[in-house]
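Structure record follows, encoded as structure tokens.
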Amino acid sequence: MMEDLSLHILDIAENAIAAGATRVLIAVNENGRRDLLAFRVTDNGRGMSRQEKERALDPFFTTKRKRTGLGLPLLAQTAEVCGGRVVLESALKEGTRVTARFRLAHIDRPPLTKMTETMMMLFFGHPEVEFRYRHTRNGSRFSYLRPALAGRAAASAEIATLRDSLRAGLKRIGVS
Ligand SMILES: Nc1ncnc2c1ncn2[C@@H]1O[C@H](COP(=O)(O)OP(=O)(O)OP(=O)(O)O)[C@@H](O)[C@H]1O
Ligand SMILES: [Mg+2]
């Protein structure tokens, strides 16, 4: 089990980018009243065929060389242990949506943590991708749009500003 859910979010977003996505939406929802923690990654990548989608949750299924094919199965296992599940929706040439749900208060639920670092990794690892990040916590919402940078690398001043905006926005809605 990965001890941090933000690592799973990173992994699922990396799948989206490996599938050629140019736009990725990451939505996180924490709701205490519903005892729910859910995240959803939606991409406009190449999508999966029905067979590929059916096999994607099998351990060791991969279409990539030098990969283990454990990203999705590990996430599904963690969700199931925590009273939730993973749902895949995908259409070829349109894109994919991965939704993972967990019982928020489940004793074995890994913490989310490190969302700022996760988003920073994605933003700077993939300047050519447009990212939308939406984080809702008990009804309060933080949204961030990082447009595609069209080949231009970010300057270090921008990196600091970006990190500060993410931290401040998440703090405002009560995410650590
Ligand atoms: N967003 C996506 N769009 C298209 N195909 C996907 C997407 N996510 C997963 N897949 C398909 O499902 C397979 C399994 O994904 P999974 O994350 O489990 O393993 P992997 O990425 O191949 O390897 P690992 O994550 O262990 O490095 C991928 O190889 C790919 O064929
Ligand atoms: Mg993967």
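For segment 1-46, which residues satisfy the criterion of being among the hydrophobic types (A, V, I, L, M, F, W, C), free of Cβ contacts under 8 Å to residues at least 60 places away in the same chain and either part of a strand (DSSP E or B) or closer than 18 Å to Tyr133 by Cα (or both)? The one that is among the hydrophobic types (A, V, I, L, M, F, W, C), free of Cβ contacts under 8 Å to residues at least 60 places away in the same chain and either part of a strand (DSSP E or B) or closer than 18 Å to Tyr133 by Cα (or both): Val41.
If you check Glu89, Glu128, Glu80, Glu117 for being in a strand (DSSP E or B) and of a type in the set (Asp, Glu), only one passes: Glu89. Arg163 meets the conditions (1) touching a residue at least 40 places away in the same chain (Cβ under 8 Å); (2) surrounded by 16 or more Cβ atoms within 10 Å (Cβ to Cβ) in every case but one. The failed one is (2). Could you check segment 130-161 and list, in sequence order, the residues that are under 25 Å from Ala76 (Cβ atoms) and among the hydrophobic types (A, V, I, L, M, F, W, C)? Scanning segment 130-161 gives a single hit, Phe131.
With the requirement that a residue be of a type outside the set (A, V, I, L, M, F, W, C) and surrounded by 15 or more Cβ atoms within 10 Å (Cβ to Cβ), what does segment 90-105 give you? Walk me through how you get there before you give the answer.
Kept after step one, since they are of a type outside the set (A, V, I, L, M, F, W, C), are these residues of segment 90-105: 90, 93-97, 99, 101, 103.
The answer is Ser90, Gly95, Thr96, Arg97, Thr99, Arg101, Arg103.
Among all positions in segment 151-172, there is no residue which is farther than 30 Å from Gly84 by Cα, assigned to a loop (DSSP other than H, G, I, E, B) and acidic (Asp, Glu). So which of Arg141, Arg132 ends up being charged (D, E, K, R) and in contact with a His (Cβ under 8 Å, 6 or more places away or on another chain)? When all the criteria are applied, what remains is Arg141. Checked against (1) of a type in the set (D, E, K, R); (2) at pLDDT 95 or above; (3) farther than 26 Å from Leu166 by Cα; (4) within 14 Å of ligand 2 (Cβ to nearest atom), Arg55 passes all but a single condition, namely (2).
Among all residues of segment 100-107, there is none that is within 16 Å of ligand 1 (Cβ to nearest atom), among the charged types (D, E, K, R) and either over 20 Å from Gly45 (Cα atoms) or in a loop (DSSP other than H, G, I, E, B) (or both). Looking only at residues of segment 58-77 that are touching a Leu at 6+ places or on another chain (Cβ under 8 Å) and within 21 Å of Glu3 (Cβ to Cβ), we find that the one that is nearest to ligand 1 (Cβ to nearest atom) is Leu72.
This table checks each residue for (1) at pLDDT below 95; (2) within 12 Å of ligand 2 (Cβ to nearest atom); (3) under 17 Å from Ser90 (Cβ atoms); (4) of a type in the set (A, V, I, L, M).
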position: Leu5; (1), (2), (3), (4): no, no, no, yes
position: His8; (1), (2), (3), (4): no, yes, no, no
position: Glu14; (1), (2), (3), (4): no, yes, yes, no
position: Thr22; (1), (2), (3), (4): no, no, yes, no
position: Glu30; (1), (2), (3), (4): no, no, no, no
position: Arg34; (1), (2), (3), (4): no, no, no, no
position: Arg40; (1), (2), (3), (4): no, no, yes, no
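When the residues of segment 25-57 are filtered to those that are of a type in the set (Asp, Glu) and more than 12 Å from ligand 1 (Cβ to nearest atom), the one that is farthest from Ser143 (Cα to Cα) is Asp35.
The values are calculated or read from the model by the stated rules, or taken from the named source; none is laboratory data. A quick note: this is a predicted structure, and the numbers were derived from the prediction, not measured. With ideal geometry, Cβ positions are generated from the backbone for all residues, glycine too; neighbour counts draw on all protein chains shown.
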